[in-house]
Amino acid sequence: NAHGTINLYKRISLVLVDKVVTSSDRGFDIKTPKKVIINQGIDTMKFKPSVKKSANDTFKIVSAGRVGKAKGYDVVIHALDILVNNKKRKLELKIVGPIHDQRYYSMLRGLINSIGLDARVYSTGSVPVETVVEDYGWSDVYVIASTTGSLHRTTLEAMAPVLPLVVCDEVCLDI
């Protein structure tokens, strides 16, 4: 089960299967002896960026994953608003990933425009994994505000090049 969502259909399906495979205990939040936890595998050699950080004084933030409400991009943008507009910090945010929810994405663009962060927030859309690796290398920190209870592959990818993380999901306490 991905993203911590357990609906009636999944509860009924549990009766029909021998095993349920999940990447974390919190990722499938039903207590059952059928649950098998297998950690996500990341090829750490693939996630060694060749990009060198620029010498400018702008702090660069990357957040990766499908653009949808569950990822909490609006929370990240509100935090950026506080840091840029109230605290006068020089920050940039790059959101890397396909648009999963067009309505949510439109709301994010409206929020970004309304608080004057157009020049500081970039969205790449879907990109090949090689580009994601370079985006991790470009940044100073990886941020994800999701609280779905699942372990996100992008969090593990960002850890591979020893990128500092700001993660809201309590499942990361188990890492």
Principal semi-axes in Å for the chain [√(5λ), Cα gyration tensor, largest first]: 31, 20, 13
Name the residue, out of F59, F47, F28, whose mean-square fluctuation peaks in a Gaussian network model built on the chain with Cα pairs under 10 Å. F59
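Please report, as a whole percent, how much of the solvent-accessible surface of the stretch 105-169 comes from carbon and sulfur atoms (probe radius 1.4 Å).
Heavy-atom surface of the stretch 105-169 belonging to carbon and sulfur, 1.4 Å probe: 58 percent.
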So R109 and I38, fully extended at 0.36 nm per residue minus their Cα-Cα distance, gain in nm 21.9 nm
List the trypsin sites (Lys or Arg not before Pro) within the stretch 86-139 that fall in a DSSP loop (any state other than H, G, I, E or B) and whose Cβ has at most 11 other Cβ atoms within 10 Å. K87, K88
State the extension gain, in nm to one decimal, for the chain segment bounded by A119 and C168, taking 0.36 nm per residue of separation less the distance between their alpha-carbons. 15.1 nm
Compute the distance in nm between two label points, each set 7 Å from the Cα along the Cα-to-Cβ direction, one at S13 and one at K90. 4.9
Sequence-separation-based contact order of the chain, relative, with Cα cut under 8 Å and 6+ spacing, percent: 28
Explain nothing, just the number: dipole magnitude of the chain about its Cα centre with +1 on each Lys and Arg Cβ and -1 on each Asp and Glu Cβ, in debye rounded to the nearest 20. 180
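So how do 60-66, 17-23 stack up, highest first, on mean other-Cβ count within 10 Å? Write out the running numbers ahead of the final one.
Numbers: 60-66: 21.6, 17-23: 13.6.
Result, highest mean first: 60-66, 17-23.
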Average accessible area per residue (Å²) across the chain - probe 1.4 Å, nucleic acids and ligands excluded: 56
The orientation-averaged projected area of the Cα convex hull of the stretch 118-169, in nm², is 4.2
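The values are calculated or read from the model by the stated rules, or taken from the named source; none is laboratory data. Everything quoted here is computed from the prediction, not taken from an experiment. Cβ sites come from the backbone with ideal geometry, for glycine too, and all protein chains shown count toward neighbours. Remember, those area values only see protein heavy atoms, side chains included, never the ligands or the DNA or RNA. Shrake-Rupley method; radii C 1.70, N 1.55, O 1.52, S 1.80 Å.
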